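The values are calculated or read from the model by the stated rules, or taken from the named source; none is laboratory data. Since this is a predicted model, take the numbers as computed values, not measurements. A quick note on method: Cβ atoms are made from the backbone with ideal geometry, for glycine too, and the neighbour counts reach across all protein chains shown.
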Amino acid sequence: MNLAFIIIDDSELDCFIAKKIIQQNDKRMKVAAYTDAITALRQINDNTDMHANLLTIILLDLRLPIMSGFEFVEEFERLPADIRRKYLIYVLSSSMNRNDKSRVDSNENIVKMMDKPLTKAAFDIILTEVKAKKN
């Protein structure tokens with residue numbers, strides 16, 4: 001499956017783990033990691049052909065400095081529809097806060113919330129869901 005991934009997490013270790021899991025699955029998958037949401041959002045907005053016609057999965061942490069994961073989603077929602085439709089957002093968080101879970105569940109731009117760090121099992125779930133959405 002031709003996919004690209006964007007990891008947005010201020011933990012370099014969590015970025016490293018996610019990148020390794022993705023690349024162990026398929027070394028041809030494009031992976032970009034950002035430690036802040038502002039830079040990632042700028043790249044998404046500026047590089048509309050970033051991954052050509054590849055569907056891009058965003059793995060987003062909620063607790064980020066400067067711009068939180070929820071603020072990122074709010075800004076993402078302001079992007080043109082032709083850009084937004086190329087992305088699926090999965091929240092990776094260690095948050096047990098019920099309000100966070102409720103906000104994620106009620107947001108149509110977020111596919112789901114998963115525990116962080118990314119695991120092989122969680123990655124396999126993402127791939128299965130994305131494959132089902134594409135069919």
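When the residues of the stretch 95-135 are filtered to those that are of a type in the set (A, V, I, L, M) and in contact with a helix residue (DSSP H, G or I) (Cβ under 9 Å, 6 or more places away or on another chain), which remaining residue is surrounded by the fewest Cβ atoms within 10 Å (Cβ to Cβ)?
Leu127
Return the total of residues in the stretch 105-135 being β-branched (Val, Ile, Thr), touching a residue at least 24 places away in the same chain (Cβ under 8 Å) and part of a helix (DSSP H, G or I).
2
Is it true that Leu59 is of a type in the set (A, V, I, L, M), touching a strand residue (DSSP E or B) at 6+ places or on another chain (Cβ under 9 Å) and in contact (Cβ under 8 Å) with a residue 40 or more places away in the chain?
Considered against the rule, which asks whether it is of a type in the set (A, V, I, L, M), touching a strand residue (DSSP E or B) at 6+ places or on another chain (Cβ under 9 Å) and in contact (Cβ under 8 Å) with a residue 40 or more places away in the chain, Leu59 comes out as yes.
Counting just the residues of the stretch 71-90 that are within 14 Å of the chain's Cα centre (by Cα) and aliphatic (A, V, I, L, M), which one comes out nearest to Ile110 (Cα to Cα)?
Selected residue: Ile89.
Based on what the data block shows, is Ile17 surrounded by fewer than 20 Cβ atoms within 10 Å (Cβ to Cβ), β-branched (Val, Ile, Thr), at pLDDT 95 or above and over 11 Å from the mean Cα position of the chain (by Cα)?
Considered against the rule, which asks whether it is surrounded by fewer than 20 Cβ atoms within 10 Å (Cβ to Cβ), β-branched (Val, Ile, Thr), at pLDDT 95 or above and over 11 Å from the mean Cα position of the chain (by Cα), Ile17 comes out as yes.
Of the residues Ser68, Ser93, Ser106, Ser102, only one is more than 20 Å from Arg42 (Cβ to Cβ) and within 15 Å of the chain's Cα centre (by Cα); which?
Only one candidate passes the filter, namely Ser93.
Checking the condition among the charged types (D, E, K, R) and within 16 Å of Cys15 (Cα to Cα), which residue from Asp61, Asp100 passes?
Just one listed residue meets the conditions, Asp61.
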